[in-house]
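Asks: Can you read through this structure? Questions will come right after.
The values are calculated or read from the model by the stated rules, or taken from the named source; none is laboratory data. Everything numeric here is computed off the predicted structure, so don't read it as measured data. Note that we place each Cβ from the backbone using ideal geometry, even for glycine, and neighbour counts take in every protein chain shown.
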Amino acid sequence: MLEYIYNLVQTLPPELAVVLLSITPITEIRLSIPFAMQVYGFTPYQAMFWSVLGDIIPAALLIYYLGPVSQFLIKRSRMARRFFAWLFSQTRQKFPEDYSALGKIALMLFVALPFPGFGAWSGAIAAWLFDMKKTEALIFILLGIILAALAVTGLSVGVFSIFKL
């Protein structure tokens with residue numbers, strides 16, 4: 001798989017390739033940081049910078065545009081109206097305002113876990129589902145992305161240094 005990705009991005013400038021890898025929902029920071037360091041020889045700081053930049057882009061787009069897209073669909077489709085009514089009854093109506101501070105920390109930690117299914121994409125969708133304020137959600141998602149970047153970079157530097165012995 002890495003060979004396929006390498007062939008796909010080798011014609012791009014390295015920074016753009018790393019940003020595109022981190023934008024992708026499956027790879028995000030989990031692959032973009034080690035890839036940037038091993039393939040392009042980025043320093044850990046460069047790899048983190050370009051990966052965090054790429055990872056925040058889809059999160060911001062999702063947070064700001066999922067609402068308008070869902071409203072558009074609700075107005076035009078009875079099936080979408082029923083689906084979103086059910087979805088919001090399962091999420092927004094069951095999310096008490098008292099837990100909003102805890103929800104922000106949980107969102108940050110959810111995004112920070114560098115495992116498949118977690119990350120900025122899932123965090124942005126969760127923030128939208130629970131109707132969090134956009135700016136606050138984006139701040140906590142960014143903090144989670146930074147924590148994930150630190151964890152992945154630390155693991156990458158540690159793992160790669162073992163092979164240089």
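Asks: Here are some conditions: (1) assigned to a helix (DSSP H, G or I); (2) buried (at least 18 other Cβ atoms within 10 Å of the Cβ). PHE118 meets all but one. Which one does it not meet?
Replies: Unmet condition: (1).
Asks: Please state which one of GLY123, GLY144, GLY103, GLY154 is at pLDDT below 85, in a helix (DSSP H, G or I) and within 21 Å of ASP55 (Cβ to Cβ). Step through it out loud before you land on a result.
Replies: Details: GLY123 fails: at pLDDT below 85; GLY144 fails: at pLDDT below 85; GLY154 fails: at pLDDT below 85.
Answer to the selection: GLY103.
Asks: Same structure, new question: Only one of ARG30, ARG78 is of a type in the set (D, E, K, R) and more than 19 Å from the chain's Cα centre (by Cα). Can you tell me which? Talk me through it step by step, then tell me what you get.
Replies: Details: ARG30 fails: more than 19 Å from the chain's Cα centre (by Cα).
Only one candidate qualifies: ARG78.
Asks: Answer yes or no: is there a residue in segment 29-45 that is under 19 Å from ALA151 (Cβ atoms), free of Cβ contacts under 8 Å to residues at least 60 places away in the same chain, assigned to a loop (DSSP other than H, G, I, E, B) and not basic (Lys, Arg). Lay out the reasoning, then the answer.
Replies: Within segment 29-45, the subset under 19 Å from ALA151 (Cβ atoms) is 29-38, 42-45.
Adding the requirement that they be free of Cβ contacts under 8 Å to residues at least 60 places away in the same chain leaves 31-32, 35-36, 42-43, 45.
Those still in the list that are assigned to a loop (DSSP other than H, G, I, E, B) too: 42-43.
Narrowing the set further to residues that are not basic (Lys, Arg) leaves 42-43.
The answer is yes, given that some residue of segment 29-45 is under 19 Å from ALA151 (Cβ atoms), free of Cβ contacts under 8 Å to residues at least 60 places away in the same chain, assigned to a loop (DSSP other than H, G, I, E, B) and not basic (Lys, Arg).
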